Amino acid sequence: AVRTVRTAGVAAMVIAAGLLLFGVSLAGVRMPAIRAMDHLVEFNTQMPPDTEAAGSSAAVLRGPVALATTNEALRMLCWLSFFVALSGLLGLVGALTRHRHLMSGYVLFASCSSIVVLVLASQLWQRRAIVQPLVFRQVLYYCETQTYIRMARALPCDWAELYNMTKPTVCDAVCASRAEALKRFDACGILPRLCKHFEYDALSHVTCAGDLQRGGVGFETTAPLEACMQYCDADIECKRFAIKPPSPEASEGRCLLLEGIAAFHTHPTWTRVDLARAKGWTGDRLQCYRRGD
């Protein structure tokens, strides 16, 4: 009786582990970030050979090729985890009914499924190491301001008209061939998701003051830190911004984008600022942020 209880307990744990792994894998299959990463890998593998020298901005996309997408691997993991849970159910029934054939099938099925799951999980980990630098290079390339706008116009994307007021950029033969290759995918949907959500690093007060003294044109408005980050995310040209905490003059705080596309920041919501002559943007309470690498 004690052995039966122990065997049933182990089988129940196998069922729980299988269902847990199934839930995690299914969540990964449905995750937009996973799909976007797979599209980036497909961008890389489907891209025609570059005509420029290795190491140039056009050649930076060439990288390691992954044979199966992460989404496909996660789908396989879903099915395998389901079979693990099913084998645990066989073991539970076999333990409670003391059916030897069910128990034998449970041990064999659970062992094989577990080994395959472990192998697949290790492959996913290795894939992460391979794909991560590739995705990093893709983000650096496509989220560069001129490349982003050039690709949007060449595809063309519906939202490319947002950049009609910016300086025209020439799409050469390499650019045109890339745009043609990207049309096979949902490039117009992927590029905004890829280049509209960044992390920002806080800068020291010395670096912050240096960025402001460097001059240029900025755009100022009333906004807290989170909203200022979103404003910078929404402008592909914005790489840095400064924030002032709430004060009697501005209860939400002040936001200053240190660069941006003028057409996105118009009066009266935004005020155009000459950074070299910006008033009030000094002091220890001032904090600057820069888009992370």
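The values are calculated or read from the model by the stated rules, or taken from the named source; none is laboratory data. Everything numeric here is computed off the predicted structure, so don't read it as measured data. Positions of Cβ are backbone-derived with ideal geometry, glycine not excepted, and every protein chain shown enters the neighbour counts. Note: accessible area is taken over every heavy atom of the protein model, side chains too, but ligands, DNA and RNA are not part of it. Shrake-Rupley method; radii C 1.70, N 1.55, O 1.52, S 1.80 Å.
Quick look at the values:
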{"read-out": "Average Cα contact separation per residue, the stretch 174-293, under 8 Å, 6 or more apart, as relative contact order %", "value": "35"}
{"read-out": "Relative contact order of the chain, defined on C-alpha pairs under 8 angstrom at six or more residues apart (%)", "value": "16"}
{"read-out": "R240 accessible area, 1.4 Å probe, all protein chains in place, Å² to nearest 10", "value": "30"}
{"read-out": "Correct choice for Cα Rg over 2.2 N^0.38 Å that was computed from the model, options (1) 1.00; (2) 0.94; (3) 1.41", "value": "(3)"}
{"read-out": "Heavy atoms of R291 accessible to a 1.4 Å probe, total area in Å² rounded to 10", "value": "30"}
{"read-out": "With every protein chain in place, the chain: carbon and sulfur % of accessible area (1.4 Å)", "value": "62"}
{"read-out": "Charge sum, other residues only, whose C-beta stays under 15 Å from R277's C-beta, Lys/Arg counted +1 and Asp/Glu -1", "value": "0"}
{"read-out": "Cysteines not pairable in the chain (beta carbon separation under 4.7 Å absent)", "value": "C78, C112"}
{"read-out": "Efficiency of FRET between Q230 and Q146 - r from beta-carbon atoms, R0 22 angstrom, step 0.05", "value": "0.45"}
{"read-out": "Ranking by accessible area, most exposed first, for S25, S111 with a 1.4 Å probe", "value": "S111, S25"}
{"read-out": "Solvent-accessible surface (1.4 angstrom probe) belonging to I190, in square angstrom, nearest 10", "value": "0"}
{"read-out": "Around A227: net Lys/Arg minus Asp/Glu count, Cβ-Cβ under 12 Å", "value": "-2"}
{"read-out": "Relative contact order (%) - criterion: Cα under 8 Å, at least six apart; region: the stretch 232-293", "value": "39"}
